[in-house]
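These notes concern the structure reproduced below.
The values are calculated or read from the model by the stated rules, or taken from the named source; none is laboratory data. Only a predicted model underlies this, so the values are computations on that prediction, with no experimental measurement involved. Here Cβ is always computed from backbone atoms with ideal geometry, including for glycine, and neighbour counts include all displayed protein chains.
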Amino acid sequence: MNLLRPDSFDKVLLPNAEAHCLPAWCYTDDEFFELERKQVFGRAWVGVGRQELLPNAGDYRTLDVAGTPIIIVRGEDGTLRAFSNACRHRGMRLLEGEGSCRAISCPFHGWKYKLNGDLLGVPHMEQAVGFDRQTFGLTPVRLEVSDGFVFVCLDPDQVSLKDWLGDFSERHAAYGFEKLRCTWQTTYEVDCNWKPFVEVFMEYYHLNWVHAQTFDEIAYKPPVPHEETSGNYTTVFGYHNEGSAAVIDKMADALPPIPGLPEDLQRATRYTMVFPGFIMAATKDCMWYFECHPLSANRSRFVLGTCFPEETIAMDGFEEIQKSYQERWHVAAQEDIDVLERQQLGLASPLATSGPLSHLEYAVGDLAKFIAGEVTPRS
């Protein structure tokens, strides 16, 4: 690749206090985008939402990961599995969107697969010499669940999800992620590279400017110093004067804390990014996350999911109160998107340069170091 030189990431790899962000071309170049798709998303454990969204046998969802169409489906045995979304006969895309089915049927020639991927029915193949249906099940894709989150991995040689996440579960244990339930989802398509969206989610530096008219009253305090992790993730923890995720003028609608959450965590929010781009935040009463789906060097899709404790969901009036939270998330996302799309235009300038990072942006630097390590040729 012409852009990658031995010194391309020298400033990125410096210690945090000296480090720069990624070069501008990392956010705009089509060739680098394809390299990321292959070397970053094609090898990582990629977060793709919550397991409770597919509760019943036959429930499925389709999506693309690193340009690869896949199916996630709940089997009759209750196990969540992932497969290539391509028929083993002539490659027909099997399912679209999401829904429920008793079997996976090819709309082209009628090949039918069980929910566990086994080939169930094959019309008009009796004259095919040596044909063995047992060898033509759906191509499996690695899928594992941690803390209620679903991750898939296209690389058969990658470490297990447990090893990828390291101490993630222990660090987030107080919030009881596995006991939360997703109650609402929405999707944003943004005219920017995937990295600016996940970067802005993970830094405090922009708050006083981008969100000055909406969330400034929350009075966020600077985050605690950089926390070392043993896994492929970075996290930012900070205190503030309100723990609710509701909008400011509707704080009276705030829901009760997550059961058992320590009092000090009720005045704080933890933001976490599982590399490469699965981001989440946990606070007093809820957790929210964004799935990251890069579409091109200049366009991305993000799926926002919001999660609450079952006890909270069962409260009278929860659906109405939840609207305040939805408004908060939408307002924040739209304010960020307006800035990010403008940032993307600036990054496309031939004169755009890589600038130094503030101590309030250390997670941005962590992501940059991760990407640099993944795309750099390995000996």
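Just to be sure, is SER324 of a type in the set (S, T, N, Q), touching a residue at least 12 places away in the same chain (Cβ under 8 Å) and surrounded by 18 or more Cβ atoms within 10 Å (Cβ to Cβ)? Spelling it out, SER324 is indeed of a type in the set (S, T, N, Q), touching a residue at least 12 places away in the same chain (Cβ under 8 Å) and surrounded by 18 or more Cβ atoms within 10 Å (Cβ to Cβ). Look at ALA352 and say whether it is part of a helix (DSSP H, G or I), in contact (Cβ under 8 Å) with a residue 24 or more places away in the chain and small (Gly, Ala, Ser). Considered against the rule, which asks whether it is part of a helix (DSSP H, G or I), in contact (Cβ under 8 Å) with a residue 24 or more places away in the chain and small (Gly, Ala, Ser), ALA352 comes out as no.
For (1) surrounded by 16 or more Cβ atoms within 10 Å (Cβ to Cβ); (2) over 20 Å from ASN298 (Cα atoms), each residue gets a yes or a no:
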site	(1), (2)
GLU34	no, no
VAL40	yes, no
PRO55	no, yes
ASP64	no, no
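Entry remark, the range 33-62: residues being more than 17 Å from the chain's Cα centre (by Cα) and either in a strand (DSSP E or B) or small (Gly, Ala, Ser) (or both) number 4 in total. Among the candidates THR187, THR214, the residue that is assigned by TED's automatic domain parsing to the domain that holds LEU357, β-branched (Val, Ile, Thr), more than 30 Å from GLY260 (Cβ to Cβ) and surrounded by 14 or more Cβ atoms within 10 Å (Cβ to Cβ) is uniquely THR214.
Per-residue answers, yes or no, for (1) part of a strand (DSSP E or B); (2) at pLDDT below 90:
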position	(1), (2)
ASN116	no, no
ALA128	no, yes
GLN134	no, yes
GLU144	yes, no
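Condition check for GLN185 on (1) among the polar types (S, T, N, Q); (2) at pLDDT below 95; (3) farther than 26 Å from CYS21 by Cα: one failure, at (2). The residue list PHE177, PHE136, PHE201 contains one member that is farther than 30 Å from ARG267 by Cβ, out of contact with any Phe, Trp or Tyr (no Cβ under 6 Å at 6 or more places or on another chain) and touching a residue at least 24 places away in the same chain (Cβ under 8 Å), which is PHE136. Annotation: of all residues in the range 265-289 being among the β-branched types (Val, Ile, Thr) and in a strand (DSSP E or B), the one that is surrounded by the most Cβ atoms within 10 Å (Cβ to Cβ) is VAL274. The set of residues in the range 206-228 being under 30 Å from ASP30 (Cα atoms) and either at pLDDT 80 or above or within 14 Å of the chain's Cα centre (by Cα) (or both) consists of HIS206 alone.
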